[in-house]
Amino acid sequence: MKLKFLFFALLGLITNAWAQSLVKMEQINGVSTVACKINGFDLKFVPDTANTDVSISLVTASEMLKLGYLYEKDLSGPIQIGGEINLSIIEIGDHFLYNTKAIIVDNQTFQVRI
C-alpha cells in the first residue's frame, strides 16, 4: 500500500513539473514586465489583469512594420490609434499564442490580459 502511494505521489510530482513553466518578471521603472517575442520581435510586455484586450503602442507597431515583423496583410487598415492588427505569434517563455488581435494605443507599452 505504501509503495503504491509513493509511486502515485512521485508520478504526480513529475507530471506537475512538466506541465508548468516559470516566466521571469522584471521591474522597469516600478512596472512589472515579462520578456516576449511578437512575430520574432523582442519586446517586454506588461501583464494587465484588468484589461480585456491585447494592446500595442503605435510606435512599436510602426517599427515592427518598418523592420518586417508585421506585414500589410496583418493590418485591418492604416496603423493608427484605435486600429487593429493581427499578431501571428506571441511567444512568452515556452508558450505560444497564435493569430491574436491587438488594438493600437498611444502609450509605449505592450499589454496582455493574463
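No lab work stands behind these numbers, since they all come straight from the coordinates. Quantities reported herein were computed from a predicted structural model and do not represent experimental measurements. Every residue, glycine among them, receives a Cβ derived from its backbone with ideal geometry; neighbour counts consider all protein chains shown.
Excluding residues fewer than 8 places away in the same chain, name every one of the aspartates and glutamates whose C-alpha is closer than 20 Å to that of residue 101.
Straight-distance partners of residue 101: 42, 48, 53, 63, 72, 74, 84, 91.
Please give the net charge around residue 83, taking every other residue with its beta carbon less than 12 angstrom from that of residue 83, where Lys and Arg add +1 and Asp and Glu add -1.
That works out to -2.
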